[in-house]
Amino acid sequence: EVVLLSTTSALATFGYRVPFDRNNVLAFGLSAGAWMNRLKLEEIEDTGDPALMNASNSTRMNGQFGVNFTHKRLTLGFSLLRLLDNNPFDGGAFSDVKLSKFEDKAAIIGYKLSLGRDIDFSPYALYRFTRDFNYFEVTGMVSFKNTITVGGFYRQDYGPGFLVRIRLSRKIDFGYSH
């Protein structure tokens, strides 16, 4: 939520890992879903503002793609954060699907530290390049038996957040962040 704009999204992700050997793994993921944009027009005093003339609430398709390489405990990754052009202010419809110019990208580096037999700590640093602004984010996650993971993060100019992940099976995870 940013001032008068609130965005909610839901994505389903397909991921695949290609192990080259015990110490080297290439992984990639593709996410697809939808997001809903809500502009709080009732909170605007000057409704005749030309910048808001075409603004409306909308629902759009969303997609992302990422790839990373892990060598032992070090992970390097790169993501395309917006596969589809989905400007919340262009007045288009849900069915208007166009590829984006791939201007929103992220690069990440992380490392997995063993704190005990069943507990790992993973710090990450991410830098996001977007068409509007760039920022960094740092994350720390603690995992118990690689089944339950909790963590926190700090995003530049936004503040702190938290995340939780539960591994439901060897191939299915469920996660939430705020």
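The values are calculated or read from the model by the stated rules, or taken from the named source; none is laboratory data. Predicted model, so just to flag it, every value in this text is computed and none were measured. Quick reminder, even Gly has a Cβ in these numbers, built from the backbone with ideal geometry, and neighbours come from all protein chains shown. Only protein heavy atoms, including side chains, enter the accessible area calculation; ligands, DNA and RNA are left aside. Shrake-Rupley method; radii C 1.70, N 1.55, O 1.52, S 1.80 Å.
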I'd like the residue in segment 112-130 that is within 20 Å of the chain's Cα centre (by Cα) and at pLDDT below 95 and, out of all such residues, is least open to solvent (accessible area, probe 1.4 Å). THR130
Which pairs have Cβ atoms under 6 Å, sit 6 or more apart or on different chains, and link a residue in segment 123-148 that is small (Gly, Ala, Ser) to one that is open to solvent by 60 Å² or more (accessible area, probe 1.4 Å)? ALA125/ILE109; ALA125/VAL138
Residues that are among the hydroxyl-bearing types (Ser, Thr, Tyr) and part of a strand (DSSP E or B), drawn from segment 133-152: TYR135, THR139, SER143, THR149
Among the residues of segment 158-174, how many are loosely packed, with under 10 Cβ neighbours inside 10 Å and either among the β-branched types (Val, Ile, Thr) or touching a residue at least 24 places away in the same chain (Cβ under 8 Å) (or both)? 1
Where residues in segment 1-43 are among the basic types (Lys, Arg) and modelled with pLDDT under 85, which of them is nearest to LEU83 (Cα to Cα)? ARG38
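For every residue, the table says whether it meets (1) modelled with pLDDT under 95; (2) aliphatic (A, V, I, L, M); (3) over 16 Å from the mean Cα position of the chain (by Cα).
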| site | (1), (2), (3) |
| --- | --- |
| ASP132 | yes, no, yes |
| TYR135 | yes, no, no |
| SER143 | no, no, yes |
| GLY151 | no, no, no |
| TYR154 | no, no, no |
| LEU168 | yes, yes, yes |
| ASP173 | yes, no, no |
| TYR176 | yes, no, no |
Look at ASP85 and say whether it is among the acidic types (Asp, Glu), at pLDDT below 95, closer than 26 Å to ARG22 by Cα and open to solvent by less than 90 Å² (accessible area, probe 1.4 Å). no
Note on segment 51-72: residues open to solvent by 100 Å² or more (accessible area, probe 1.4 Å) and either within 20 Å of ALA106 (Cα to Cα) or modelled with pLDDT of 65 or more (or both) are LYS72
